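> Supplied in C-alpha cells, the structure appears directly below.
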Amino acid sequence: MPEGAVIPALDAPVSSLKGIGPARARALAAAGISDVQDLLLHVPRRHRERLAPVAVRDLVAGARAAIVGAVERVRASRRGRRSLVRVLVADESGAIEVLFFNQHHLKSNFARGETFFFQGRVGERDGVRSLLAEDYERSGALAAPLRAGRVPVYDLPAGVPPRLFRRLIAGLLPALAPGTPDWRARSALPAAGLPSLGAALAALHFPASEEDLAQARRRFAYEEFFRILLPLERARATLGRRVKPRRVAPEPQEVATMLAALPFALTAAQRRALDEVLADLARFSPMHRLLHGDVGSGKTAVALVALAAAARAGHQGALLVPTDVLARQHLATARRFLEPLGVEVELLARTCAAAERKSARSLLSGGAPCVVVGTHALLSASVEIPALALAVVDEQHRFGVSQRARLRSKGVAVDLLVMTATPIPRSLAMTLYGDLDLSLLDELPPGRRVVATRRAPRTELRAVLEEVRADVLRGGRAFIVCPVVGGSEESDLAAAVTFAAKLARFYGGQPAVGLAHGRRRPEENRAALEDFRSGERPVLVATVVVEAGVDVPEATLMVVLDAQRFGLAALHELRGRVGRGRAPAQCILVAGEGSPEANARLDVLVAEANGFKIAEEDLRLRGPGELYGARQHGLLDLCHADLVRDLDLLALARADARRVVESGRDAGLEPHLPRLASVMEAPSCEPGPG
Ligand code: ADP
Ligand code: MG
C-alpha cells in the first residue's frame with residue numbers, strides 16, 4: 001500500500017487483479033480504466049434491486065424471488081437455434097430447477113456442490129415449479145454485498161464480464177472501510193457532513209439506501225468542485241498577496257452591540273453569512289465575496305452590520321446601488337440602524353442638492369469614518385474615499401466589472417462584498433471563474449408570507465383591475481408593472497405612461513394612480529413611491545424600475561402585464577416586492593397570447609416560491625442553449641455535481657481549497673485526490689439507479 005494513499009494499491013495495474021488477463025486489461029485500458037483507482041471510480045450506470053433470498057420451499061409461482069443454494073446437477077440442451085441450461089439447485093428446504101434460455105455458454109459456470117445466488121421469476125408447469133433466471137452470482141463470503149439490496153450495473157467494454165467487474169469492486173471495497181483516512185482528514189478539514197471517501201466509494205457502488213447513494217454523490221460532487229477550485233485558489237493566493245493596511249476584527253462584544261441595534265434578530269443564514277464576511281474583514285488579504293440570497297432574504301442587514309464594523313473601527317464604507325430610489329431607501333434604513341451606533345451616513349446621488357453633495361464629499365475626502373450610500377455618482381473620479389475599507393455593491397448584476405474596480409480603487413486593498421438575488425448560471429459562473437467567494441442566504445426571515453400567485457388571461461384584465469381597486473380600498477397597495485416592449489427603455493416607458501393615463505380614467509380618481517419609471521426624475525419616482533407607501537396613491541404603475549430592491553412592507557398586490565415577456569427570474573424578483581408586511585399578498589401574472597410553452601413557464605412561478613428552484617426550472621425549460629456558455633468553460637464536464645442543486649458544496653469546496661492553500665497543506669495534495677477526470681471522461685457517467 002503506497003504511503004498515505006487514499007485507496008490501497010491505488011496505482012496497481014488492473015492486470016494485477018485476479019481474473020484480468022492481458023486481453024481484458026487492454027479492453028479496460030481502452031475505456032480509460034488502467035489501474036485500481038480507475039476501476040473504483042468507474043461509476044455504475046444504475047443499480048438493480050436484489051431480493052432477499054427465501055427458502056426454496058417457500059417459492060410462490062408467478063412471483064419474482066431469490067434463493068441461495070448448492071448446484072446438484074447441470075443439464076444443457078439445444079433445439080435448433082434455441083438452447084436451455086437447467087441447473088438443479090437445492091437448499092435445506094428443497095430443490096428447484098433454475099432455467100437459462102439461450103445462454104448455452106453458462107453451462108460450464110456452475111460446478112456441482114458450489115453455492116450460488118439466483119434471482120428470477122417462479123414458474124409452474126404440471127405442478128412442477130422452476131425459476132426462470134434473471135440474475136445469478138457465486139455466493140462466497142467475498143460476494144456478500146452482491147447478494148441482496150442494490151447491485152451496481154456498469155457500462156463495460158466488450159470482453160469484460162459484468163459479474164467479474166462487480167466482484168472485483170466488491171473485493172476491493174472492504175479495504176476502504178469508512179474509517180480509512182482520506183485526503184480531507186489528512187488536510188485537517190472538518191467532516192462538514194460529508195461521508196469519507198471510502199464510505200462514499202462503497203455507497204457509490206453498493207448503497208444501502210437511496211439516501212446513502214445521495215450522500216456518496218454529494219461527496220463526489222464536492223470532489224469535482226474541489227479539483228476545479230484548488231488551482232484557482234492557488235492562483236488567487238499568488239495574485240492576492242496584496243496586503244491590507246488594516247484589519248477589521250470586532251470583538252464578540254462589539255458584534256453583539258451592533259446586532260442589538262438591528263430591529264430584528266438575524267436569521268441563522270444571515271448570521272452565517274455575516275460571520276463569513278467578518279472573518280474576511282479580519283484577514284490581511286482583501287475580501288472578494290458574493291452574498292447570494294433569494295429576494296427578501298435580508299442581504300441588506302448583513303451588509304449594514306459589516307459596514308458598521310468598518311466605520312466603528314475608524315474606516316470608511318461604501319454601499320453602491322443601481323437606482324436613486326434604492327439609494328434613498330438604503331439611506332433611510334442605514335441611518336436608522338447606524339446613527340444610534342454613532343456612525344454617520346452620507347448620500348451621494350445625482351439628486352443630491354449641491355450643498356448636500358459638497359458636505360458629503362468633503363467628509364469623505366477628509367477620511368472621516370463614515371458610511372456612504374450612493375449610485376453611479378459615487379464612482380465619479382472626483383469622489384475621494386481615501387479611508388475606504390469596505391465596498392458593498394448591491395444588485396451587483398447591474399454593474400460591470402470595471403465599475404466594481406473603480407469603486408475599489410478609491411481605497412487601498414479594499415474589501416469587496418457584492419450582493420445579488422440573480423440565480424445561476426451567471427452568478428455561479430462568476431463564483432467559479434470570477435474570483436468571488438460565496439455566502440448563501442438560503443432562508444427567509446420569519447413571518448415571510450408566500451405570495452399567492454396566479455395567471456390571468458389578458459381578456460380578464462378588467463376583472464383584475466377591479467380586484468386591484470377592491471384590494472386597495474381595503475387598505476392594500478398594488479404595483480402594476482408594465483410590459484417590456486421591444487426591449488427599449490423608451491417604448492417601455494411609453495407603455496407605462498399610456499397605461500397609467502388609461503387606468504386613471506378607468507378608476508376615475510378612486511383610487512389614485514401613481515407612476516414610476518426609469519426616465520422620470522429620481523425625485524419624482526421617490527415622491528411616487530412615498531405616495532404609494534403612505535396610501536395617497538395606492539396604485540403604482542411602473543416599469544421594471546421597481547424590480548431592484550424596492551422594500552415597501554405595505555405592498556400587497558403585484559400585477560404584471562404581458563408577463564410572458566419577462567424572464568422568470570425577473571418575475572420572481574418583481575413578486576418579491578410584495579409579501580414583506582403583515583397582510584397576505586398576491587401576484588397576478590396577466591399573460592397575452594399564451595402559447596402552451598409560455599404558460600408552462602409562468603406556471604412555474606405559480607407553483608414554486610423558491611428562487612433557486614425557479615431558476616432550475618427556467619434552465620430546464622429554456623434548454624441547453626443557455627448552458628452552452630457554461631459548457632465551453634468545461635462546467636458541464638461535471639459528472640456528479642449539479643450546478644443548481646450543489647451550490648452549497650461549491651461554497652464548501654472553495655472554503656476548503658482556500659484553507660489548504662492558506663495553510664500550505666496543498667503541497668503534494670494531488671496524488672491523494674481521487675482522479676475524477678477519468679470518471680468525467682467515462683461514457684458511463686450517469687450515477688445512481690436508472
Ligand atoms: P434582499 O435580500 O432582497 O435585499 P432585504 O434586505 O431588502 O432583502 O430584506 C427584506 C425585508 O426583510 C426587509 O424589510 C428587512 O427589514 C426584513 N428583514 C431582513 N432580515 C430580517 C430578519 N432577520 N428578521 C425579520 N425581518 C428581516
Ligand atoms: Mg436588496
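The values are calculated or read from the model by the stated rules, or taken from the named source; none is laboratory data. The structure presented is a predicted model; accordingly, all values stated were derived computationally and were not measured. Counting neighbours? That spans all protein chains shown, and the Cβs are built from the backbone with ideal geometry, glycine included. The protein model used for the area step is the full one, side chains on, heavy atoms only, and it has no ligands, DNA or RNA in it. Shrake-Rupley method; radii C 1.70, N 1.55, O 1.52, S 1.80 Å.
> In square nanometres, what is one fourth of the surface area of the convex hull spanned by the alpha carbons of the range 452-608? Before the final figure, lay out each step's value.
Details: hull surface 33.3 nm².
Quarter of the Cα hull surface area: 8.3 nm².
> Setting aside same-chain residues fewer than 8 positions from Lys613, which aspartates and glutamates have a Cα under 19 Å from its Cα?
Reachable aspartates and glutamates: Asp294, Asp442, Glu443, Glu573, Glu597, Asp603, Glu626, Asp642, Asp646, Asp648.
> Separation between the Arg125 and Glu92 pseudo-spin-labels, each 7 Å from Cα along Cα→Cβ, expressed in nm?
Reported label-point gap for Arg125 and Glu92 is 3.2 nm.
> How much of the accessible area of the chain, probe 1.4 Å, is carbon plus sulfur, in whole percent?
Exposed carbon and sulfur together represent 53 percent of the surface.
> Quick one: angle between helix 299-312 and the longest Cα principal axis of the chain, in degrees between 0 and 90, rounded to 10, please.
60
> For the chain, with the dipole built from +1 on Lys and Arg beta-carbon atoms and -1 on Asp and Glu ones, taken about the Cα centre, which of Ala76, Phe206, Ala641 lies farthest toward the positive end?
Ala76
> Given the rule -39500 (n - 2.57) for each run of at least 4 DSSP H residues, summed and divided by the residues of the chain, what is its mean residue ellipticity at 222 nm, to the nearest 500 deg cm²/dmol?
The per-residue figure over the chain is -11000 deg cm²/dmol.
> Now for a different question. Can you sort Ser359, Ser93 by solvent-accessible area, 1.4 Å probe, largest first?
From most exposed to least exposed: Ser359, Ser93.
> Any idea what angle helix 596-607 forms with the longest principal axis of the chain, computed on alpha-carbon atoms, 0 to 90 degrees, nearest 10?
Approximately 80 degrees, to the nearest ten.
> Compute the length gained on full extension between Val243 and Leu461: take 0.36 nm times their separation in residues and subtract their Cα-Cα distance, giving the result in nm to one decimal.
Gain on extension, Val243 to Leu461, equals 72.6 nm.
> Given the alpha-carbon gyration tensor of the chain, what are the semi-axes of its equivalent ellipsoid in whole angstrom, ordered largest first, with each equal to the square root of 5 times an eigenvalue? Walk me through the numbers on the way to the answer.
On the way: eigenvalues 742, 226, 76 Å².
Sorted largest first and rounded, they come to 61, 34, 19 Å.
> Set Lys and Arg Cβ to +1 and Asp and Glu Cβ to -1, take the dipole of the chain about its Cα centre, and tell me which of Ala29, Ser108, Leu278 lies farthest positive.
Of Ala29, Ser108, Leu278, it is Ser108.
> Additional query: Can you compute the modelled spin-label distance between Asp135 and Glu211, with each label point 7 Å from Cα toward Cβ, in nm?
Roughly 2.3 nm, to one decimal.
> Next up: Taking one equal scatterer on every alpha-carbon of the range 252-441, how large is log10 of I(q)/I(0) by Debye at q = 0.09 1/Å?
So the normalised log intensities work out to -0.28.
> Work out, step by step, the length gained on full extension between Glu254 and Ala494: first 0.36 nm times the residue separation, then minus their alpha carbon distance; give nm to one decimal.
Separation in residues times 0.36 nm, less the Cα-Cα distance, equals 81.3 nm.
> Is the range 52-147 rounded, prolate or oblate when judged by the Cα gyration tensor, a ≥ b ≥ c being the square roots of its eigenvalues, rounded requiring a/c under 1.5 and prolate requiring a/b larger than b/c?
Since a/c reaches 1.5 but b/c is at least a/b, the shape of the range 52-147 is classed as oblate.
> By how many nm would the segment from Val412 to Asp58 lengthen if fully extended, with 0.36 nm per residue of separation less the alpha-carbon distance? Please report the intermediate quantities before stating the final value.
Values: separation 354, 0.36 × 354 = 127.44 nm, distance 7.98 nm.
Length difference between fully extended and current span is 119.5 nm.
> Can you compute the FRET efficiency between Arg283 and Arg449 using 1/(1 + (r/R0)^6), with r the Cβ-Cβ distance and R0 = 45 Å? Round to the nearest 0.05.
0.70
> Right, another one. Which pairs in the list Lys244/Lys358; Lys299/Lys502; Lys299/Lys358; Lys244/Lys299; Lys299/Lys410 are over 32 Å apart, alpha-carbon to alpha-carbon?
Listed pairs above 32 Å: Lys299/Lys502.
> Let me ask another. When ranked by the protection proxy of mean other Cβ atoms within 10 Å per residue, highest first, what sequence do the peptides 579-590, 26-37 form?
579-590, 26-37
> May I ask for the angle, rounded to the nearest 10°, between helix 324-338 and the longest principal axis of the chain, with both axes built from Cα atoms and the value confined to 0 to 90°?
It works out to around 90 degrees.
> In whole Å, how far is the Cα centre of the range 61-122 from that of the range 327-375?
Their Cα centres are 85 Å away from one another.
> Starting from the Cα of Val153, step 7 Å along the direction of its Cβ; do the same at His104; then give the gap between the two resulting points in nm.
Modelled inter-label distance: 2.7 nm.
> Taking Cα pairs under 8 Å and at least six residues apart, what relative contact order does the range 52-147 come out at, in percent?
28
> Counting alpha carbon pairs within less than 8 Å and at least 6 residues apart, what relative contact order, in whole percent, applies to the chain?
Relative contact order, the chain: 15 percent.
> Could you calculate the FRET efficiency of Glu536 with Glu339 from 1/(1 + (r/R0)^6), where r is the beta carbon distance between them and R0 is 35 Å, rounded to 0.05?
Result of the calculation: an efficiency of 0.80.
> Considering only the chain, what is the antiparallel percent among its DSSP beta bridges, to the nearest 5?
Percentage antiparallel, nearest 5: 45.
> Can you tell me the alpha carbon radius of gyration of the range 38-80 divided by the globular rule-of-thumb value 2.2 N^0.38 Å?
Values: Rg = 16.8 Å, N = 43, 2.2 N^0.38 = 9.2 Å.
Normalised Rg, Cα atoms only: 1.83.
> A further question follows. For the range 505-522, take each phi angle, set θ = phi - 60°, evaluate the Karplus expression 6.51 cos²θ - 1.76 cosθ + 1.60, and give the result in whole Hz per residue in order, putting x for glycine and proline.
5, 4, 7, x, x, 10, x, 6, 10, x, 9, 9, 7, x, 8, 6, 5, x
> What range in the chain is the longest one free of chymotrypsin sites (Phe, Trp or Tyr not before Pro) that are in a loop by DSSP and have at most 15 other Cβ atoms within 10 angstrom? Kindly include the intermediate steps, with their values, before the conclusion.
On the way: sites that count: Phe264, Phe284.
With chymotrypsin sites (Phe, Trp or Tyr not before Pro) excluded where exposed in loops, the chain gives 285-690 as its longest stretch.
> Would you mind getting the accessible area per residue of the chain, heavy atoms of the protein chains only, 1.4 Å probe, in Å²?
43
> On to the next question. Express the relative contact order of the range 252-441 as a whole percentage, based on alpha carbon pairs under 8 Å and six or more residues apart in sequence.
Computed value for the range 252-441: 31 percent relative contact order.
> What does the charge dipole of the chain about its Cα centre add up to, to the nearest 20 debye, if the Cβ of each Lys and Arg holds +1 and the Cβ of each Asp and Glu holds -1?
With only Lys, Arg, Asp and Glu charged at Cβ, the dipole is about 1040 debye.
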